[in-house]
Amino acid sequence: MKEIERLLKKVEEILARDPSYKFEAYSFVMAGLHFAVAKFEKPRHVTGKELCKGLRDYALDQFGPMARTVLEHWGIKKTEDFGKIVFHLIDAELLRKTEEDSIHDFDNLYDFSKAFRYKIKEEKGED
């Protein structure tokens, strides 16, 4: 329970310093990180590019055709926003980075209008 309280307090401190993103954006990135890491055989550090791909997949998995709308409601409109959130979490000591990691690893990785197009699979059947 203390760990959850610590996490909540740290995110509240981030929001007090920079209210650009809603609380849900931070919890989404943390959950999306776990979603992305779980795709690997063994847990390991992920790059900004890998995380952005994982966050895209996680958003589509969780919100379907509403993914882009939900993210934008939270203040996330481009991959750079994911980077800013990640680095806020690093500064709050809720995530860690390597020497090679940079906020610029998140720059312009995909266009949200294309990346969050939800494709509904058509079922083939007899009429």
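The values are calculated or read from the model by the stated rules, or taken from the named source; none is laboratory data. These numbers were taken from a predicted model, which means no experiment stands behind them. All Cβ positions, even for glycine, are placed from backbone atoms using ideal geometry, and neighbour counts span all protein chains on display.
I'm told Gly75 meets every condition in (1) on the phi > 0 side of the Ramachandran plot; (2) modelled with pLDDT under 95 except one. Can you identify the failing condition by its number? Answer for Gly75: the failing condition is (2). On inspection, Asp81 qualifies as closer than 15 Å to Tyr26 by Cβ and either part of a helix (DSSP H, G or I) or in contact with an Asp or Glu (Cβ under 7 Å, 6 or more places away or on another chain) (or both).
Here segment 37-53 is the region considered, the condition is being among the hydrophobic types (A, V, I, L, M, F, W, C) and touching a helix residue (DSSP H, G or I) at 6+ places or on another chain (Cβ under 6 Å), and the residue that is surrounded by the fewest Cβ atoms within 10 Å (Cβ to Cβ) is Val46. Asp105 fulfils the conditions (1) touching a Lys or Arg at 6+ places or on another chain (Cβ under 6 Å); (2) in contact (Cβ under 8 Å) with a residue 40 or more places away in the chain except for a single criterion, (1). For segment 54-106, taking the residues that are of a type in the set (Ser, Thr, Tyr) and either under 10 Å from the mean Cα position of the chain (by Cα) or buried (at least 16 other Cβ atoms within 10 Å of the Cβ) (or both), the one that is nearest to Pro19 (Cα to Cα) is identified as Thr79.
Pairing each residue of segment 62-75 that is touching a residue at least 24 places away in the same chain (Cβ under 8 Å) and more than 19 Å from Ala36 (Cβ to Cβ) with any residue that is not charged (D, E, K, R) and not in a helix (DSSP H, G or I), provided the two are 6+ apart or on different chains, yields C-beta distances under 7 Å for Pro65/Tyr118; Gly75/Ser20; Gly75/Tyr21. Restricting attention to segment 38-60, does a residue exist that is touching a Lys or Arg at 6+ places or on another chain (Cβ under 8 Å), of a type in the set (Phe, Trp, Tyr) and at pLDDT 95 or above? Looking for residues that are touching a Lys or Arg at 6+ places or on another chain (Cβ under 8 Å), of a type in the set (Phe, Trp, Tyr) and at pLDDT 95 or above, one finds none in segment 38-60, hence no. Checking the structure you have, find out if any residue of segment 17-33 is more than 23 Å from Arg6 (Cβ to Cβ) and in contact with a helix residue (DSSP H, G or I) (Cβ under 9 Å, 6 or more places away or on another chain). No.
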